[in-house]
Amino acid sequence: MQVSSQLQSQLFPKFTVAEVLKHLGRTKWESKYTEHNLTIEAWAVGIWIKEAGTIISYRQLNEYTRLASTEIASKLPVEKVDGGWWVKSRQCDDKHFVTTTRIGWTCSCMKYRCWRNRIPVELPMYWKVINGRPYCHHIVAAYLHNKSSD
Ligand SMILES: [Zn+2]
């Protein structure tokens, strides 16, 4: 499995992997290593973390990512405009445009583009887990905003 550094940094950066391991109660590695030491390999069934001697399945990774995105999204300001939503970014004043198209929800941010372009090619197993519907916290924020204003 050859996953690009671009996709790895958007899908399972070291700090996310460390968080998922803690979330799953797999913390023995913490006595010897920090998250910076973790070596991560994409396997067919999930990501293998050598220092922790364990695999996080793609389903588990996605469950965590979805929860984390929802938590971030709930704090983001959303503005409904014609044809979509402007969602403010977390760290800066940037805004991202979210809209719905025939391929589903889309966003103008880098994470969304990375997921849409790279996951089907580099990690088709993960694409299956998300049912071919890439998301980012902006999309989740727009979705929540839309649901609550119905
Ligand atoms: Zn986005």
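Since every read-out is calculated from the coordinates, none of them should be taken as a lab result. The structure presented is a predicted model; accordingly, all values stated were derived computationally and were not measured. With ideal geometry, Cβ positions are generated from the backbone for all residues, glycine too; neighbour counts draw on all protein chains shown.
Miscellaneous remarks
- Those lysines that a straight Cα-Cα span of less than 28 Å connects to Lys111, excepting residues fewer than 8 apart in one chain: Lys14, Lys22, Lys50, Lys75, Lys80, Lys88, Lys95, Lys128, Lys147
- Taken over the stretch 5-148, the alpha-carbon convex hull comes to 116 cubic angstrom per residue.
- Using C-alpha pairs under 8 Å with a sequence gap of at least 6, the mean separation divided by the residue count of the stretch 5-148 gives a relative contact order of 21 percent.
- Peptide packing: for 76-82, 133-139, the average count of neighbouring Cβ atoms within 10 Å per residue gives the ranking 133-139, 76-82, highest mean first.
- Counting Lys and Arg as +1 and Asp and Glu as -1 over every other residue whose Cβ lies under 13 Å from the Cβ of Trp127, the net charge comes to +4.
- In plain terms, the residue of Ile40, Ile55 with the fewest other Cβ atoms within 10 Å comes first and the most crowded comes last, giving Ile55, Ile40.
- Packing around the peptides 87-93, 125-131, taken as the average count of other Cβ atoms within 10 Å per residue, puts them in this order, highest first: 125-131, 87-93.
- Which of Thr34, Thr65, Val81, positive extreme of dipole for the stretch 1-92 (C-beta unit charges): Thr34
- When the stretch 5-89 is reduced to its Cα atoms, the Kirkwood hydrodynamic radius in Å: 14.4
- Using alpha-carbon coordinates, inclination of helix 137-148 to the longest axis of the chain, degrees: 50
- Anchor Lys28: aspartates and glutamates whose Cα lies under 18 Å away (excluding residues fewer than 8 positions away in-chain): Glu19, Glu51
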